[in-house]
């Protein structure tokens, strides 16, 4: 016996999709596929193989849509994505174990789209992992830049005690970031020392020429 489910009804109380249209994952991250979760789900156990293939395709295709992780709420567009007739898509929407199982209507900047709870969780996880990776990259880049600054200041004659002052180094780096974004030469580092002296950033006056 074929089980039917009611198609979602659009209206003013639709939930807002939590991911913005400007978010992209292509070339930056990937969405995890939890095989154990899939194999233990009712969808896998009760959905026909051909329906499973289309459902899995939609999980992949939605990663390239905007907002990422959503599908168009349009039978004609879904038909193109599934290489099927739009009339079949309308039928599949009503099936309890059809390829659109679990997809529901949401609002995305005034546009109604389809979202899937599990897909949304996975996309949010991918975005968070990408943000953490970028933070890690930024931290490494900052650490390397500060290390170069300390070494350059030592070459300019500052003592190890002076370049060990984290507050001083942070101030000088911020000034260099704001005023010398290009290649940092000896002259640039010397100008940073002169600026630090003028601003009275040194705890004592043991700087070259002081």
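Values quoted throughout were computed directly from the atomic coordinates according to the rules given, and no laboratory measurement underlies them. Source: prediction; values computed, not measured. For neighbour counting, all protein chains shown are included, and Cβ atoms are generated from backbone atoms with ideal geometry for every residue, glycine included.
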Original post:
So if R0 is 35 Å, what FRET efficiency would residue 21 and residue 166 give, r being the distance between their Cβ atoms, rounded to the nearest 0.05?
Top reply: 0.30
Original post:
So what is the 222 nm mean residue ellipticity for the chain from helices alone, if each DSSP H run of at least 4 adds -39500 (n - 2.57) and you divide by all residues, rounding to the nearest 500 deg cm²/dmol?
Top reply: -16500 deg cm²/dmol
**OP:** Could you state the angle between the C-alpha long axis of helix 117-155 and the longest principal axis of the C-alpha atoms of the chain, as a value from 0 to 90 degrees rounded to the nearest 10?
**Re:** 10
Original post:
Per the Cauchy relation, a quarter of the hull surface: what is the mean projected area of the convex hull of the alpha carbons in segment 156-198, in nm²?
Top reply: 3.0
**OP:** Before anything else, pin down the relative contact order of segment 81-137: Cα pairs under 8 Å, at least 6 apart, normalised by residue count, whole percent.
**Re:** 16
Subject >> Estimated FRET transfer efficiency (residue 186, residue 138; beta-carbon r; R0 41 Å; 0.05) >> reply: 0.95
**OP:** Using per-residue counts of other Cβ atoms within 10 Å, averaged over each peptide, order 131-139, 50-58 from highest down.
**Re:** 50-58, 131-139
**OP:** Compute the Rg to Rh ratio over segment 35-126 from the alpha carbon atoms, using the Kirkwood formula for Rh, and round to two decimal places.
**Re:** 0.94
Original post:
In which sequence would 129, 150 go, from the one with the fewest C-beta neighbours within 10 Å to the one with the most?
Top reply: 129, 150
Original post:
Based on the mean of other beta carbon atoms within 10 Å per residue, what is the order of 35-47, 160-172, most packed first?
Top reply: 160-172, 35-47
